[in-house]
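A short write-up of the structure that comes next.
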Amino acid sequence: MPYLYGDPIKCTGCRICELYCALFHERALNPKKARLRVVRAEPAIDKPVACHQCADPPCAKVCPADAITRSIKLDLVTVDLTKCMGCGACVEACPFGAIWLHLESKKAIKCDLCKVCVPRCPTGALSVATSEKIADQKRLDLVNRWKPVMLECVQTPR
Amino acid sequence: MFKYCGYAGQVLEVDLTRLKAIPKPLDAVLVRGYLGGAGFCSRVLYDEIGPRTRPLGPENVLIIATGPLTGTLFPQASRHVVAAKSPLTDIWGEAHAAGHWGAELKFAGFDAIIVRGRSPKPVYLWIDDGRVEIRSARGLWGKDVYEADEMLREEVGDGWCTKMLYIGQAGENLVRFAAVMNDLDRAAARTGMGAVMGSKRLKAIAVRGSKDIPIADDRGYMELMDELRVKMLADPFTQGRADYGTPSLVELMNEIGRLPTRNYETGVFEHAEEIGGKLIRRKYLVKPRADFACLQRCGRYTCVPAGPYAYIGGSPEYETLSCVGSKCGISNVESILYAHHLCNRYGIDTCSLGGTIAWAMECYERGILTDEETGGIELKFGNHEAMVKLVGMIAFREGFGDLLAEGSYRAAQKIGRGSKKYVMAIKKQEIAGQDGRAQKSMGLGNATAARGADHLYAFPVLDEVGFEKAIKERFGARYLPEIGEKLNPRYKGLMVKECEDFAVVVESVGVCKYGTMIPPTFYYRDVLRALNATTGMGLTERELRRTGERIVNLNRMFNVRHGIRRRDDTLPERLLKEPSPEGPPKGHVVELDYMLDEYYRLRGWDPKTGLPAPKKLRALGLDFTIKHLPKRGRPSR
């Protein structure tokens with residue numbers, strides 16, 4: 001299940017992704033209309049947040065209009081805007097704050113994995129990742145951290 | 001809807017005496033001629049204030065303005081300008097900052113805020129998506145920037161989305177080089193704009209917005225921005241900036257003998273590596289943090305984890321490291337980092353602070369200042385404990401700090417005894433980390449800048465490390481190689497004039513000088529394409545160049561009304577008469593008169609007086625300023 005992952009170590013908080021997202025989806029420069037948000041917190045934390053495209057999405061479970069579904073074909077969680085009634089139940093249910101109501105239309109908006117932002121991030125902080133990929137990377141990071149200690153314990157050619 | 005896209009279309013006019021804030025439509029004719037940002041301020045202030053205005057009186061007008069590209073996708077489009085008559089220089093005052101505040105102001109529906117009058121009690125402005133409130137700042141007054149930020153967030157009831165602009169205690173206490181801070185660590189630092197804000201008893205402006213910035217050419221826009229982004233990221237300079245920020249300039253400047261050391265005694269600091277970019281990156285860097293739409297990310301966070309100088313926050317730039325560090329002979333890097341952090345908290349310009357302390361140190365070492373006057377502080381070069389202590393004393397105007405809070409020029413006037421000779425200021429403002437003897441264009445640029453000593457008004461950096469290609473593009477191949485030689489005064493008048501004209505355009509559209517001046521990635525053509533695609537103004541390159549010249553001339557006329565002439569476009573005696581003692585510029589002084597002659601000739605200003613010719617003013621559409629030329633300079637009828 002791929003989703004838009006934002007690396008808080010690489011992200012510098014410039015918010016270019018928000019601008020491109022709003023521009024692509026709405027033809028307007030307005031970060032508040034973006035489908036992802038960069039949270040800037042002090043000190044020195046910048047984290048892009050977008051929909052995780054959950055396997056068993058809580059937003060879909062609570063939607064009284066059944067507007068949110070997980071599409072198996074697209075491998076995505078989608079919102080049917082004709083059904084959405086703008087109640088905001090999904091906003092309450094999402095543990096990430098990755099879905100919210102559009103400022104003007106008041107319908108639920110979320111990352112649709114269009115990938116416009118990904119190649120445009122100046123630091124490569126955004127990627128379309130799967131849980132396997134991320135776990136793989138974490139395992140590698142762990143091993144790299146332990147490398148000096150591990151090397152002490154094994155026979156290496158001298 | 002405003003006539004041009006890219007603008008929010010409204011100006012917020014605040015009268016603090018009557019505690020009224022009224023949104024007014026932006027003047028379309030004015031922005032056509034002056035773009036926005038620095039240009040907007042230059043025209044509004046010229047019309048509203050003059051020689052009789054007291055900089056700290058209620059009659060001074062404080063403007064905070066964005067440009068048409070602020071908040072857009074143009075690389076580094078994050079800038080706003082703060083302008084007023086300066087309490088430090090008593091002439092034209094302006095300071096610029098990046099961050100996220102300027103962009104947020106536009107999303108909230110305003111291009112600029114004009115503040116007049118003086119509030120009876122401390123207040124702050126709360127701008128929530130077009131709605132404006134003037135609120136009491138009773139609990140905030142007396143708090144530093146970090147504390148105020150936290151308290152304000154609680155008061156307006158919004159977590160991280162609201163952007164803040166504020167002054168610290170230095171602004172409240174009318175320190176003449178107090179800064180206007182925003183987003184914690186961003187400073188519109190120079191010319192004492194924080195003191196003007198403090199004199200109006202305006203503590204802060206909190207902004208939150210969710211409005212669109214409209215785009216004129218919404219079809220071609222994304223493609224154009226993609227092109228500019230790729231061009232910016234492809235520049236080899238960008239990665240270096242991202243890795244080290246400006247602190248790496250310490251090593252570079254030291255190598256070319258341009259790192260002011262011990263109040264400009266020399267341009268080579270024996271401890272440069274101990275306060276340089278490499279060390280800071282290795283030992284103290286937390287991460288680079290970018291301002292709005294910034295690809296260069298020279299801003300960064302640093303942390304000193306323990307000891308007397310422990311903190312976490314924004315990192316100093318090159319200017320701070322040289323002004324507070326080498327200029328004061330200080331090699332203890334943690335003390336410089338901490339002093340910078342304190343300056344951010346109290347809201348102080350680190351350039352003027354360092355310059356003033358360095359002056360005091362030289363006076364102390366020469367016996368002009370005594371222990372009695374300094375209150376027992378041993379002000380020797382390299383005494384970092386004294387330096388850090390003085391930061392607080394200046395911000396709160398305690399003891400000896402009260403004298404230094406006036407800036408080195410005024411302090412020297414007060415104590416006399418030949419201390420004036422060691423003031424390294426131009427038009428009463430301290431020079432930043434720039435020694436003109438090692439780079440002649442910088443010497444000239446500092447002398448001619450409208451806001452007093454200032455390396456950024458012209459920012460002539462193309463001769464610094466050999467940008468031959470850009471020099472060829474911008475000025476023409478026939479001036480090479482002389483124009484590219486930093487120790488050669490030839491053609492530097494041309495360079496400074498052209499750089500000034502372009503720099504004010506950059507500051508008027510609301511983008512950063514990184515990416516436009518250095519690295520010289522974007523010039524008129526790219527800025528023009530972005531400007532036209534965003535605003536739909538349909539400007540030509542000729543018009544844009546003329547706009548730059550118009551703004552520079554209008555700033556000059558503002559200063560002419562305040563008595564500024566050629567005699568004021570000068571440098572401290574030390575840079576003109578004492579040859580640089582070591583390094584590449586050994587034996588060099590600044591050949592100022594030679595360069596000034598060329599500069600005035602190209603500007604169309606009188607070479608004897610430095611007054612703009614009426615013909616020039618008329619050609620630039622500045623007819624309304626001619627009546628302010630002194631009688632002898634006026635045309636005979």
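Cross-link pairs exceeding 30 Å in C-alpha to C-alpha distance, out of A:61/A:115; B:3/B:143; B:427/B:616; A:32/B:278; A:110/B:513, comprise B:3/B:143; A:32/B:278; A:110/B:513. Counting only Cβ charges, +1 for Lys and Arg and -1 for Asp and Glu, the dipole size of chain B around its Cα centre is about 2300 debye.
As a proxy for reagent exposure, ranking B:227, A:18, B:155 by other Cβ atoms within 10 Å from fewest up yields B:227, B:155, A:18. Build a GNM of chain A with springs between Cα atoms under 10 Å apart, and of A:116, A:91, A:79 the one that fluctuates most is A:116.
Using Cβ point charges alone (K and R +1, D and E -1), the dipole size of segment B:440-633 about the Cα centre works out to roughly 820 debye. Axis of helix A:16-26 versus longest Cα principal axis of chain A: the two differ by about 30°, to the nearest ten degrees.
Computed over Cα pairs, the Kirkwood radius of segment B:153-275 leads via Stokes-Einstein (0.890 mPa s, 25 °C) to a diffusion coefficient of 130 µm² per second. Projection of the Cα convex hull of segment B:242-423, averaged over all directions and equal to a quarter of that hull's surface, yields 10.2 nm². The mean sequence distance of close C-alpha pairs (under 8 Å, at least 6 residues apart), as a share of the length of chain B, puts its relative contact order at 15 percent. Apply the a/c threshold of 1.5 to the C-alpha gyration tensor of segment B:531-637 and tell me whether it is rounded, prolate or oblate. Because a/c hits 1.5 or more and a/b fails to exceed b/c, segment B:531-637 counts as oblate. Think of each Lys and Arg Cβ as +1 and each Asp and Glu Cβ as -1; about the Cα centre, that makes the dipole of the protein assembly as shown roughly 2040 debye. Applying the Karplus relation 6.51 cos²θ - 1.76 cosθ + 1.60 with θ = phi - 60° to segment B:59-65 yields 3J(HN,Hα) values of 7, 5, 10, 9, 10, 10, 9 Hz, where x marks Gly and Pro. When chain A is treated as a Gaussian network with alpha carbon springs shorter than 10 Å, the biggest mean-square fluctuation among A:73, A:133, A:115 belongs to A:73.
For segment B:242-423, the relative contact order works out to 18 percent when only alpha carbon pairs closer than 8 Å and six or more residues apart are counted. With coordinates expressed along the principal axes, the C-alpha atoms belonging to segment A:12-158 extend over 69, 32, 29 Å, beginning with the largest.
Look at the stretch B:216-229: the mean tally of other chain Cβ atoms within 10 Å of its residues' Cβ atoms is 2. Can you list which of the trypsin sites (Lys or Arg not before Pro) found in segment B:126-235 are DSSP loop residues with at most 15 other C-beta atoms within 10 Å? Hits after loop and neighbour filter: B:138, B:219.
Across every pair of non-identical alpha carbons in the protein assembly as shown, the mean reciprocal distance, once inverted, gives a Kirkwood radius of 27.2 Å. Do you know the relative contact order of segment B:10-208, to the nearest whole percent, from alpha carbon pairs under 8 angstrom that are 6+ apart? Result for segment B:10-208 is 23 percent. One quarter of the surface of the convex hull around the alpha-carbon atoms of segment B:332-467 equals 8.7 nm², the direction-averaged projected area.
Every helix of 4 or more DSSP H residues in chain B counts as -39500 (n - 2.57), and over all residues that averages to -11000 deg cm²/dmol at 222 nm. Estimated from the Cβ-Cβ distance and a Förster radius of 56 angstrom, the FRET efficiency linking residue A:147 and residue B:582 is about 0.75.
None of the figures in this text is laboratory data; all of them are computed from the coordinates on show. Keep in mind the model is a prediction, meaning the values are calculated, not measured. Quick reminder, even Gly has a Cβ in these numbers, built from the backbone with ideal geometry, and neighbours come from all protein chains shown.
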